[in-house]
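One structure below.
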Amino acid sequence: MIRVFIVDDHPVVIEGLHSLLQNEKGIEWAGHAMNASSCLGFFINNTADVLLMDINMPEMDGIELCSVIKNKYPGIFILGLSTFNQGIYIKKMMENGASGYILKNSSRDELLKAIQTVNNGGIYFSGEAGDALKEYQKSSGPQLPELSRREKEILGLIAEGYTNPQIAEKLFLSSFTVDSHRKNLLAKLDVKNTATLIRLAVERKLI
């Protein structure tokens, strides 16, 4: 069962999502909050697998709350859920630890697919959100350095969850060589860890 928690300051949105999800096989409604303090209070003694998070909320917005939740509870997957379809908001949510972003006009099937994808460790954007992020990155994002064929190959295997020794065996390389490539990728793409590396690779369609 995927335990889903929702934080949104509009009761009608919460009721609508509850109605959509309550009878879905494999989904369990963990609860809801209407602001950041209630959300943080819930997670002191409870947990959830996927957190659907609005951006525009009183007290603390969803972007800041996303960062707080991921720092305190890194095992919770966060899915941005908003009417905002501007690339800057989507980018900020992803930078603060979200695993995806969908719009409130998304269909029930897309919502379920998004929940299942992020719960499995993947990244998910609804069509409009993905397009908005790409447009924003084209207009304002820095150009990424060109990756070699070998770097792209290793990056793809990292994204699939292979360890350095497994990649080395698969590509007939030494573990030292693979480790060097991994470190070079982190430096080249200016990211601090593998999770951020994978997220950037997916966002920028490097894999």
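Observations, loosely collected:
- Shown in residue order for the range 174-188 are the 3J(HN,Hα) couplings computed by the Karplus curve 6.51 cos²θ - 1.76 cosθ + 1.60 at θ = phi - 60°: 7, 4, 4, 5, 5, 4, 5, 4, 4, 5, 5, 5, 4, 5, 5 Hz (x for Gly and Pro).
- DSSP loop GluC sites (Glu not before Pro) with at most 13 other Cβ within 10 Å: longest gap in the chain: 60-145
- Under 5 Å from the amide H of Ile2 lie the amide H atoms of Ile27, Glu28, each residue being 5 or more positions distant or on a separate chain, with H modelled from the backbone and absent for Pro and chain starts.
- Sparse-neighbourhood loop sites, trypsin sites (Lys or Arg not before Pro) in the range 168-207 - DSSP loop, at most 10 other Cβ within 10 angstrom: Lys192, Lys205
- GNM result for the chain, Cα springs below 10 Å: residue of Ser106, Ser148, Ser19 fluctuating most strongly: Ser148
- Distances between placed amide hydrogens fall under 5 Å for Tyr101 paired with Gly80, Tyr124, Phe125, Ser126, all partners being 5 or more residues away or on another chain.
- Taking the inverse of the mean reciprocal distance over all distinct Cα pairs, the Kirkwood hydrodynamic radius of the range 87-207 comes to 15.5 Å.
- Euclidean distance between Cα centres, the range 75-107 to the range 147-207, Å: 25 Å
- Carbon plus sulfur fraction of accessible area for the chain, probe 1.4 Å, in percent: 50 percent
- Solvent-accessible heavy-atom area per residue, rounded to whole Å², over the chain at 1.4 Å: 51 Å²
- Candidates Asp49, Asp190, Asp61: whichever shows maximal mean-square fluctuation once the chain is modelled as a Gaussian network with Cα springs under 10 Å: Asp190
- Overall dimensions of the chain as given by Cα atoms, namely Rg and Dmax in Å: 18.2, 57
- Rounded to the nearest 20, the size of the Cβ-charge dipole of the range 39-119 about its Cα centre is 140 debye, with Lys and Arg at +1 and Asp and Glu at -1.
- Over 30 Å apart at the Cα level, from the set Lys113/Lys205; Lys70/Lys170; Lys134/Lys188; Lys72/Lys183, are Lys70/Lys170.
- Remark: the range 134-207 carries a charge dipole of roughly 140 debye about the Cα centre, counting +1 on each Lys and Arg Cβ and -1 on each Asp and Glu Cβ.
The values are calculated or read from the model by the stated rules, or taken from the named source; none is laboratory data. This structure is a prediction, so every number in the text was calculated from the model and none was measured. A quick note on method: Cβ atoms are made from the backbone with ideal geometry, for glycine too, and the neighbour counts reach across all protein chains shown. Keep in mind that these areas ignore ligands, DNA and RNA; they rest on the heavy atoms of the full protein, side chains included. Shrake-Rupley method; radii C 1.70, N 1.55, O 1.52, S 1.80 Å.
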